[in-house]
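Quick notes on the structure that follows.
Readers should treat all values here as calculations from the given coordinates under stated rules, not as data from a laboratory. Computed from a prediction, not measured in an experiment: that's the story for all the values here. Neighbour counts are summed over all protein chains in view; Cβ atoms, including those assigned to glycine, are modelled from backbone coordinates with ideal geometry.
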């Protein structure tokens with residue numbers, strides 16, 4: 001089969017140099033595995049981290065890709081819930097399923113967990129014509145959701161759902177600030193908060209503000225302005241539930257962190273995953289202890305949370321936002337585009 005492979009790092013972000021299309025053996029399913037033909041696969045920042053070899057080294061030679069959708073072509077002898085011909089999408093959080101955290105419903109806290117397509121391998125990810133996963137790590141795509149929409153949802157949908165519903169436990173009437181509303185997680189963050197009846201303020205670059213409003217945000221603020229947080233605060237005062245916000249959906253980090261903390265109400269919550277503009281932040285602790293706020297970390301989510309999100313997608317209440325689709329031949333260009341920004345939603349790859 002054809003696969004997108006690299007066997008050396010590109011710390012200089014020269015993805016054209018390392019990404020190659022190669023023929024690799026077709027996968028054969030283990031007793032508990034499902035093999036499916038990949039229709040579409042979504043790009044994530046961990047794909048770039050993998051090619052850089054930072055923050056961790058990864059198995060080589062490497063096939064990236066955590067979000068993949070397609071149709072099942074083979075199943076192992078112990079598989080009971082999936083059959084050949086089913087439409088499926090990956091749940092990329094591979095955990096042991098037997099430790100105390102996993103059996104307590106917290107597979108995202110499993111000490112043995114790995115992110116498929118990032119930490120797995122050699123040659124085990126979604127950027128190939130055929131791939132394989134344990135039965136527990138594939139979810140059937142409901143009617144009304146396309147292969148493209150499912151691949152664009154997989155990781156960012158479950159991450160956003162877990163942040164807002166699983167961790168922050170949002171409630172109707174709350175004011176939620178979604179940082180980076182034009183990103184993959186941001187587009188779902190906006191929609192999930194609206195699904196739960198929240199007032200949504202989002203931040204984005206100037207050319208993406210209107211798109212965020214069209215997606216359902218009540219207000220959109222340019223976070224490139226030095227005093228963007230003051231504008232958010234002024235909006236919160238007008239909502240009748242402020243001043244300040246109840247929940248901040250954070251995945252940016254960097255210079256925005258302390259400004260975000262100033263916006264939190266007494267007893268409010270900030271939930272964070274990733275740190276696309278920098279993780280080494282300085283924190284003014286007064287905003288945390290004096291106001292009694294909760295700072296929550298969040299990574300990935302459960303299979304059940306992905307199924308919940310797909311349920312609402314099938315009913316038209318939330319949707320995937322797809323920026324663009326590239327073939328494997330143009331994968332380096334696609335990764336470079338994601339790195340440079342200017343993207344609204346998800347970038348997808350397809351084998352041909």
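Can you give me the Kirkwood hydrodynamic radius for region 26-83, using every pair of distinct Cα atoms, in Å to one decimal?
13.2 Å
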* Asked: Which distance in Å, rounded to a whole number, links the C-alpha centroids of region 126-202 and region 231-294?
  -> 21 Å
* Inter-label distance for residue 339 and residue 285, nm, one decimal - labels placed 7 Å from Cα along Cα-to-Cβ -> 3.8 nm
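Fewest first, what order do 95, 352, 154 take by the number of other Cβ atoms within 10 Å?
On the way: 95 23, 352 8, 154 28.
Ascending number of Cβ neighbours within 10 Å: 352, 95, 154.
Pull out the extension gain between residue 78 and residue 295, defined as 0.36 nm times the separation in residues minus the alpha carbon to alpha carbon distance; nm, one decimal. Intermediate results must be reported in sequence, preceding the final value.
Numbers: separation 217, 0.36 × 217 = 78.12 nm, distance 4.19 nm.
Result for the pair: 73.9 nm of gain on full extension.
Exposure proxy check: 188, 15, 127 ranked by fewest other beta carbons within 10 Å? Walk me through the numbers on the way to the answer.
On the way: 188 33, 15 20, 127 28.
With the fewest neighbours first, 188, 15, 127 line up as 15, 127, 188.
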* To do: For helix 147-161, report the angle its Cα long axis makes with the longest principal axis of the Cα atoms of the chain; keep it between 0 and 90° and round to the nearest 10°.
  => 50 degrees
* Structure fact -> Among beta bridges assigned by DSSP with both residues in the chain, the antiparallel ones amount in percent, to the nearest 5, to 55 percent
* Asked: So in region 159-297, what percent of DSSP beta bridges are antiparallel if you round to the nearest 5?
  -> 0 percent
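First obtain the Kirkwood hydrodynamic radius of region 257-352 from its Cα pairs, then insert it into the Stokes-Einstein equation at 37 °C and 0.692 mPa s, and state the resulting D in µm² per second as a whole number.
For these conditions, the coefficient is 194 µm²/s.
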* Structure fact -> Computed over the chain: longest principal axis from alpha-carbon atoms vs helix 228-238 long axis, angle to nearest 10 degrees, is 60 degrees
* Expressed as a rounded percentage, what relative contact order does the chain have, with Cα pairs under 8 Å and six or more residues apart? -> 18 percent
* **Theoretical gain in end-to-end length, residue 207 to residue 30 [0.36 nm per residue, Cα-Cα removed]** => 58.9 nm
* To do: Take the chain, connect every pair of alpha-carbon atoms lying under 10 Å apart with a spring to form a Gaussian network, then pick out the residue of 67, 12, 284 with the largest mean-square fluctuation.
  => 12
* Asked: For labels at residue 237 and residue 20 in the simple 7 Å Cα→Cβ model, what's the distance in nm?
  -> 6.2 nm
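Using 1/(1 + (r/R0)^6) with R0 = 22 angstrom and r between the beta carbons of residue 307 and residue 99, what's the FRET efficiency to the nearest 0.05? Please list the in-between numbers first.
Values: r = 22 Å, r/R0 = 0.99.
The formula returns an efficiency of 0.50 here.
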* Structure fact -> Taking Cα atoms only, helix 331-340 is inclined relative to the longest principal axis of the chain by an angle, in degrees rounded to 10, of 10 degrees
* Asked: Once fully extended, how much extra length lies between residue 56 and residue 143, figured as 0.36 nm per residue of separation less the alpha-carbon to alpha-carbon distance?
  -> 27.5 nm
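Going by average Cβ density within 10 Å per residue, which order do the peptides 243-250, 137-144, 38-45 take, highest to lowest?
Details: 243-250: 23.9, 137-144: 17.6, 38-45: 25.5.
Ranked by mean Cβ neighbours within 10 Å, highest first: 38-45, 243-250, 137-144.
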* Structure fact -> Expected max-MSF residue from 224, 167, 303 in the GNM of the chain (alpha carbon, under 10 Å) is 224
* Asked: Using alpha-carbon pairs under 8 Å, 6+ residues apart, how would you state the relative contact order of region 159-297 in percent?
  -> 21 percent
* Highest-fluctuation residue, 180, 267, 301 considered, GNM on the chain with Cα pairs under 10 Å -> 267
* Ranked 192, 48, criterion: other C-beta atoms within 10 Å, fewest first -> 48, 192
* To do: Tell me, rounded to the nearest percent, the portion of alpha carbon pairs in region 159-297 spaced more than 28 Å apart.
  => 6 percent
